[in-house]
Each structure stands twice: as structure tokens, then as C-alpha cells.
1. From the list 146, 172, 151, pick out the single residue that is assigned to a helix (DSSP H, G or I), touching a residue at least 60 places away in the same chain (Cβ under 8 Å) and either open to solvent by 100 Å² or more (accessible area, probe 1.4 Å) or aliphatic (A, V, I, L, M) (or both).
2. Could you tell me which numbered condition residue 82 fails, if it satisfies all but one of (1) more than 20 Å from residue 131 (Cα to Cα); (2) in contact with a strand residue (DSSP E or B) (Cβ under 8 Å, 6 or more places away or on another chain)?
3. Suppose we filter 134, 111 for residues that are part of a loop (DSSP other than H, G, I, E, B) and either touching a residue at least 24 places away in the same chain (Cβ under 8 Å) or basic (Lys, Arg) (or both); which single one remains?
4. Of everything in region 104-143 that's open to solvent by 40 Å² or more (accessible area, probe 1.4 Å) and of a type in the set (Asp, Glu), which residue is nearest to residue 87 (Cα to Cα)?
5. Looking only at residues that are within 23 Å of residue 10 (Cα to Cα) and without any contact (Cβ under 8 Å) to a residue 40 or more places away in the chain in region 88-105, which one is nearest to the chain's Cα centre (by Cα)?
6. Considering only region 1-16, state which residues are modelled with pLDDT under 95 and surrounded by 14 or more Cβ atoms within 10 Å (Cβ to Cβ).
Amino acid sequence: MEKSHYKLVSSSHVSITQLMLPTHTNFSGKIHGGYLLSLLDQVAFASASKFSGHYCVTASVDRVDFLNPIEVGELVTLKAAVNYVGNSSMIVGVRVEAENIQTGTVKHCNSSYFTMVAKDSNGKNAVVPGLQLSTEEEIKRFINCLKQIDLRAARDSHELTYTYSKSESASLEKKYPIRIKLLE
């Protein structure tokens, strides 16, 4: 697909840093995943909007991996970049790191992938610039997005074609700790 103009991945780079406060915690005293998801969505929006020059909406969140808990008092930095572009969509990768401000120790806490769609002033999908890949890392991230898209298509196809059978139920009941008893 030939685009009229291309932008560097670096033109989509956005990072935010925020101090984690007690008001951001869950019941176990760690930073609440929902609060972090809100920050992830904000930085993905900023990255996609900066790259495309349009207002963008979140179409899907393909994957969010919580790798390490975040503590109160840590500085959290979210780094976002566009890894893939389609016609009006972009996949934005976000990396979250937390820094202990007393020791300087930095830990990778989260990785996530947001599919964002550019909108014009009428709310219709807007064409986004092409993506100029300039490093091997950028190429790797683009290829990983292609794999992610293929996996999503395979999953969606499977969900559309699945049909229930009693023989499969028996097999599932033997393999997993479940009981299938359909309501009539």
C-alpha cells in the first residue's frame, strides 16, 4: 500500500512520568491496575494523535502484561511509540517502568499494545501517514504487530465457527475441572 507521505517512528514517541501516590493503590497497597490502564490509554492516545495529526480513539487493547507490582512513592514512566500503521489504524506499544527514587533501581512493570483509530472532524476514519522504519528494532516491532494481527484474525475466525457438541463436552469434562449441564 503506497502512502502519500511517511513519518518516522520517532515522531510518535511520547513519555510521561508520574509519582505514584497512596490514592492510586488497590486493597493490597500496590498501584491499582485500573489506574495504570487509564495512564496507558492516555499515553497511547497521545502517541497515536501526535503521529497521525488527528484525534484518535481506542479500538482495542490486544495485550496487557502486568510483570511487576508498582509501589507507592515510585516514579512511573510510560513510553509509547507507533509500531504499525494501517489505513486509519495504528498499533501503539507502551512500556512501563517504575523507579525507586531512594535506590535508583528501575524495573520493567508492564507492556501493552493499543490499537488506535484516527478520526477526522466529522468522526469518520482518517487516513494516517505511512510509517518509516529506520532501525532493526522498529522492523522487529512492526513484524510482531503483523503476527499479532494474524493471531487476532485466527481467534476471531475460531469464535465465529465454533459449534457445541456433546462429545466435546465429555472430552472437556475429563480434561478440566468442569461440569457441563445445559439449561433447557
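The values are calculated or read from the model by the stated rules, or taken from the named source; none is laboratory data. Just so you know, these numbers come straight off a predicted model, no measurement behind them. Note: ideal-geometry Cβ built from the backbone for every residue, glycine included; neighbour counts use all protein chains shown. These area figures cover heavy atoms from the full protein model, side chains too; ligands, DNA and RNA do not enter into them. Shrake-Rupley method; radii C 1.70, N 1.55, O 1.52, S 1.80 Å.
1. Values: 172 fails: touching a residue at least 60 places away in the same chain (Cβ under 8 Å); 151 fails: touching a residue at least 60 places away in the same chain (Cβ under 8 Å).
146 is the lone residue from the list that is assigned to a helix (DSSP H, G or I), touching a residue at least 60 places away in the same chain (Cβ under 8 Å) and either open to solvent by 100 Å² or more (accessible area, probe 1.4 Å) or aliphatic (A, V, I, L, M) (or both).
2. (1)
3. On the way: 111 fails: part of a loop (DSSP other than H, G, I, E, B).
Just a single option satisfies the conditions, and that option is 134.
4. Only one residue fits best here, namely 120.
5. Within region 88-105, the subset within 23 Å of residue 10 (Cα to Cα) is 88-98.
Those still in the list that are without any contact (Cβ under 8 Å) to a residue 40 or more places away in the chain too: 89, 95, 97.
On the way: 89: 13, 95: 9, 97: 15 Å.
The selected residue is 95.
6. Matches in region 1-16: 3 only.
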